[in-house]
Amino acid sequence: QEAGESAGLLAGKRVLLTAGPTREAIDPVRYLSNHSSGKMGFALAAAAAKEGADVTLVAGPCELTTPAGVTRVDVVSAQDMHSAVMANLAGQDIFIGCAAVADFRPMNIAEQKMKKQDNQNEMQISLIKNPDILASVAQQEGAPFCVGFAAETENVEAYARKKLAQKGIQLIIANDVSQADVGFNSENNAVIAISASATQHFTINSKTEIANQLIALISSELKT
Ligand code: CTP
Ligand code: CA
């Protein structure tokens, strides 16, 4: 190790992450979103920084403290998140898509607060698909090592494997979000890391500890 060079499993590496939910505006006062807390992504950002990486965290709306040494870019919608990721992609070694990106957004955002009509009992909102941030990163020429998360409530491993292949990424972290004590909006997590060549189970632990274990796995996968 040269003088001035930082130590750690990811010393000299650049890591870009997404975390948290996105908010998709319906009108000036309403939005569509989900229960993501952002904790897993923030824990991963902290773990990567601790291992000496230069970390950029693109975060959806969540009230979490920015981990030490991490550059944070705050965004609201999936389209904002997509733009911020693309703007920060050059020179990254690793991309980790941990955000719970809204798959669809309202087709039109009302300029004024939507008013209900007299006797109105139903309403419909048309939605249009958002860009798949992870898949677009993986498709770039000279793409970084790409890691995705798969939030599933059934057929967890099978659906995660399908996402690994369809998005063209190197590693997918499968999360069973049907269990109340792990995953979404919880302090703890239990995950299955799936690559083309190996499957590894990480049993229930704090998100901080799971993040440390996943960063160790990612750094070893990066070397092979
Ligand atoms: N993802 C993304 N952009 C989107 C949707 C998802 O970057 N528009 C990323 C997530 O950050 C995650 C991975 O893709 O790393 C998988 O997200 P998930 O919601 O589990 O899967 P989808 O591909 O959206 O499929 P579905 O929700 O239908 O299961
Ligand atoms: Ca989705």
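For residue 162, the requirement of being within 11 Å of ligand 1 (Cβ to nearest atom), within 24 Å of residue 89 (Cα to Cα), at pLDDT 95 or above and among the basic types (Lys, Arg) is not met.
Of the listed requirements (1) within 25 Å of residue 51 (Cβ to Cβ); (2) touching a Gly at 6+ places or on another chain (Cβ under 9 Å), residue 73 misses just one: (2).
Looking for something over 17 Å from residue 81 (Cα atoms), more than 8 Å from ligand 1 (Cβ to nearest atom) and surrounded by 15 or more Cβ atoms within 10 Å (Cβ to Cβ) - is there at least one such residue anywhere in the stretch 131-143? Checked against the condition, which is being over 17 Å from residue 81 (Cα atoms), more than 8 Å from ligand 1 (Cβ to nearest atom) and surrounded by 15 or more Cβ atoms within 10 Å (Cβ to Cβ), the stretch 131-143 yields at least one hit. Scanning the stretch 196-213 for residues that are in a strand (DSSP E or B) and either buried (at least 18 other Cβ atoms within 10 Å of the Cβ) or of a type outside the set (S, T, N, Q) (or both) yields 201, 202, 204. Criterion applied to 73, 156 was being free of Cβ contacts under 8 Å to residues at least 40 places away in the same chain and within 13 Å of ligand 1 (Cβ to nearest atom), and the one residue passing it is 156. Would you say residue 173 is at pLDDT 95 or above, closer than 14 Å to residue 207 by Cα, touching a helix residue (DSSP H, G or I) at 6+ places or on another chain (Cβ under 7 Å) and within 12 Å of ligand 1 (Cβ to nearest atom)? Yes; evaluated as a whole, the condition is true for this residue. Here 216, 190, 158, 180 are screened, and the one residue that is in a strand (DSSP E or B) and out of contact with any Lys or Arg (no Cβ under 8 Å at 6 or more places or on another chain) is 190.
Scanning the stretch 144-153 for residues that are surrounded by fewer than 21 Cβ atoms within 10 Å (Cβ to Cβ) and free of Cβ contacts under 8 Å to residues at least 60 places away in the same chain turns up 151, 152, 153.
Could you list all residues from the stretch 65-119 that are of a type in the set (A, V, I, L, M, F, W, C), part of a strand (DSSP E or B) and under 22 Å from residue 208 (Cα atoms)? Result: 70, 73, 94, 95, 96, 100. When the residues of the stretch 103-118 are narrowed to those that are out of contact with any Leu (no Cβ under 6 Å at 6 or more places or on another chain) and within 16 Å of ligand 2 (Cβ to nearest atom), which ends up farthest from residue 29 (Cα to Cα)? The selected residue is 103.
The values are calculated or read from the model by the stated rules, or taken from the named source; none is laboratory data. Bear in mind that the values here come from a model prediction, so they are computed numbers and not experimental data. Note that we place each Cβ from the backbone using ideal geometry, even for glycine, and neighbour counts take in every protein chain shown.
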